[in-house]
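S.K.: Questions regarding the structure given below will be posed in turn.
FYI, it's all coordinate maths here, none of it is from the lab. The structure displayed is predicted, hence computed values, not measured ones. As a convention, Cβ positions derive from the backbone with ideal geometry for all residues, glycine included, and neighbour counts pool all protein chains shown.
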Amino acid sequence: MKDTVQTMKLHQRLAQAISGHGVTHVYGLVGDANLFMVDSYVDARLGRYVPCTHEGNAVLAAIGFAQTTGRTGVATITHGPALTNVSTALAEAARGGIPLVVLCGDTPPGDVQHLQKIDQREVVAATGAVFVEMRRPETAIHDLDRAFRIAAHRRCPVVFNMRVDLQWEDVPDSGNVTPVPDITTAPASGQALEDAAGMLASARRPLILAGRGAIAPESRAALLKLAARIEAPVATTLKAQGLFRGAPFDLGICGGLSHPTATDVIMQSDCILAFGASLSKHTTEERAYTKGKRVVQVLADAEENPRLDDPTLRLIGDIAGTAHAMTELLDMAEIPGSGACDADLAARLTAEAEAFARLPTPSVTAQGTFDLGPALRRLHQALPQDRILVADLGRFVTTAWRNMPVTRPQDLVFTSHFGAIGCALGQAIGAATAIDDRPTVLVAGDGGFALSGLSELITAVQENVDLVVIICNDGSYGAEHVQFTNRKMNPGLSMIARIDFAGTATALGLNAFRVEDPDSLNAACAAIATRTGPMLIDLRLDPEKIEM
């Protein structure tokens, strides 16, 4: 007698398959196209479902999850307007090279009068994301496997398009999920590697620079070994901040956020060896840091992105393995160290660290406001040293990055790949729900925070996440205020109503504080130590006294 083939509904099989890909968190907004799949995922306790109040924030939350965990983020939305609502978030992930799978419903093809019908493939293509169609119920799991492979291997967002009329089809309860295979690359070799070693051998002031692509523990160890071998200081891009924390001759960030000593050393260097860094204009200060220098760039793969700059020499290969190979070549040739790391540099770096530990004196600002830099530095000291930082885009952002550094790269959630304000709250939700052993700190402007949807604070309260929200409330759209002011024009059009964020947050269930003087700042800092859930700090600022 033949065995009976067990069947189940497609939405149930999809929920199982998602879990089979190691998905622990799904962020979403339930609609008719994904309702039953989400129900199956939750009912079977396959993972944690985090409901959001807006589709865009659901996808941004999956981006925040991906940045902090290093795993593929997953969000689920319905069709039509839900997809158009996430277009900015998809573009953010595409520009940032962030692996993401968005499970998206679609209308039945025969219902041409469906109110939410739209050419979803074209919408997705415009954002730079990849579109993968669920062709038929019997191919659904294979199609989903493909979506996860593309997202992981190409480091990009993928929209998995699922027709709503297929969700209740019967499918075999068989066909295991195919795990996404890891890709391993060999170290760079051959003439290009020898040429790179030759450049290092002749360098008198070499510098090793690490980007987000070089933050694995084995890469860090290999780069520090190479740095010690050639006696070179080390630095990172903004997105790799904290990688070399505690290591000797760590210059910190290379770029517009470099401290004075780092800037001097970088400008005086004659050879920059960049691992896992795109060398964008923000890292090189519009090429001012690389002009006239030999630049060797080592990347783990040949994927192109808009941030890549042209080095003197580019190598493709495993980051750690290539660094070890360079060290071995220098040892074989008995090349001496450069001598670039000396007692004078060590003393200057110690002085920089001591200066940062001292609170700056606040500038005089308008009544009822406080100076941004000193306020953020004071909050930095009050917060736990190990924490996640999520900063929205605005004229305050460089001040936030400079005054609230993280201790490891994975703890910096970068939200500005697409240049859109309002992308931080959703990503902070994703980070705070993914990481529970340290707080998530969100720094946002008043305009961007209002744009991102105050209602998403409800999600923070519902999930009871350890989230500290700091609103830089200057009553204006900062970039526009700067342009009006610089052109000697009236900045009135850039001003917005001064929102009572503390009052609004309190009504939504958060513990909230308004900071407008030293006493209220101290009260907020004290509350950080005793927090039991999400809290918000409404930091009142003078729009005329904000340094970028």
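S.K.: Could you work out how much longer the chain between ARG121 and ALA302 gets when fully extended? Use 0.36 nm per residue separation minus the Cα distance between them, nm to one decimal.
M.R.: In short, 62.5 nm is gained.
S.K.: A follow-up question, please. Once the convex hull of the alpha carbons of the stretch 191-346 is built, what does its volume come to per residue, in cubic angstrom? If you can, show how the numbers build up before the last one.
M.R.: Details: hull volume 15.2 nm³, N = 156.
So the per-residue hull volume is 97 Å³.
S.K.: For the chain, what is the relative contact order in percent, using Cα pairs closer than 8 Å and at least 6 residues apart in sequence?
M.R.: Once normalised by length, the contact order is 13 percent.
S.K.: Using packing as a proxy for protection, rank 319-326, 423-430 so that the peptide with the highest average count of other Cβ atoms within 10 Å comes first.
M.R.: By packing density, highest mean first, the sequence is 423-430, 319-326.
S.K.: Hey, another quick one. Please give the calculated 222 nm ellipticity per residue for the chain, where each DSSP H segment of at least 4 residues contributes -39500 (n - 2.57) and the sum is spread over every residue; nearest 500 deg cm²/dmol?
M.R.: Computed mean residue ellipticity for the chain: -11500 deg cm²/dmol.
S.K.: Arranged from highest to lowest average of other beta-carbon atoms within 10 Å per residue, in what order do the peptides 514-520, 200-206 appear?
M.R.: Working: 514-520: 17.1, 200-206: 19.0.
Listed from highest to lowest mean packing, they are 200-206, 514-520.
S.K.: In the chain, what is the count of Lys pairs whose alpha carbons are under 22 Å apart, counting only pairs at least 8 residues apart or on separate chains?
M.R.: Close lysine pairs found across the chain: 5.
S.K.: Express as a percent, rounded to the nearest 5, the fraction of DSSP beta bridges in the chain (both residues included) that run antiparallel.
M.R.: 5 percent
S.K.: Could you tell me the calculated FRET efficiency between MET267 and ALA366, based on Cβ-Cβ distance and R0 = 41 angstrom, to the nearest 0.05?
M.R.: 0.65
S.K.: Can you sort CYS525, CYS104 from fewest to most other Cβ atoms within 10 Å of each residue's own Cβ?
M.R.: Ranked by crowding around the Cβ, least crowded first: CYS525, CYS104.
S.K.: If the chain between ARG136 and HIS153 were fully stretched, how many nm would it gain, using 0.36 nm times the residue separation less the Cα-Cα distance?
M.R.: Taking 0.36 nm per residue and subtracting the Cα distance, the gain is 3.7 nm.
S.K.: How many nm separate the modelled label positions at GLN113 and ILE496, each set 7 Å beyond the Cα in the direction of the Cβ?
M.R.: 4.1 nm
S.K.: Using modelled amide H (1.01 Å from N, peptide plane; none on Pro or chain starts), what sits under 5 Å from the amide H of ILE388, excluding residues fewer than 5 places away?
M.R.: For ILE388, whose amide H was placed from the backbone, the distant partners under 5 Å are THR440, VAL441.
S.K.: A further question on this structure: Taking neighbour counts of Cβ atoms within 10 Å as a proxy for exposure, in what order, fewest first, do ASP411, ASP446, ASP250, ASP309 appear?
M.R.: Sorted ascending by nearby Cβ count, the order is ASP309, ASP250, ASP411, ASP446.
S.K.: Could you pull the Cα extents of the chain along its three principal axes, largest to smallest, in whole Å?
M.R.: 81, 65, 44
S.K.: Counting other Cβ atoms within 10 Å, which trypsin sites (Lys or Arg not before Pro) in the stretch 14-106 have at most 12 and lie in a DSSP loop?
M.R.: Filter output for the stretch 14-106: ARG45.
S.K.: On to the next question. Report the calculated FRET efficiency for LYS225 and LEU359 (r = Cβ-Cβ distance, R0 = 25 Å), to the nearest 0.05.
M.R.: FRET efficiency, LYS225 to LEU359: 0.10.
S.K.: In nm, give the distance between the simple-model label positions of ASP436 and ASP519, each being 7 Å from the Cα along the Cα-to-Cβ direction.
M.R.: With each label placed 7 Å out from Cα toward Cβ, I get 4.0 nm.
S.K.: While we're here: Taking H as built 1.01 Å from N, whose amide H comes closer than 5 Å to the amide H of CYS156, not counting residues under 5 places away?
M.R.: Here LEU100 satisfy the definition.
S.K.: List, in order, the whole-Hz ³J(HN,Hα) value for each residue of the stretch 441-452 obtained from phi through the Karplus relation with A = 6.51, B = -1.76, C = 1.60 and θ = phi - 60°; use x for Gly and Pro.
M.R.: 10, 10, 10, 9, x, 5, x, x, 5, 5, 5, 6
S.K.: Further question on the same structure: Neighbour counts of other C-beta atoms within 10 Å: give me GLU456, GLU352 arranged from fewest to most.
M.R.: Starting with the residue having the fewest Cβ neighbours, the order is GLU352, GLU456.
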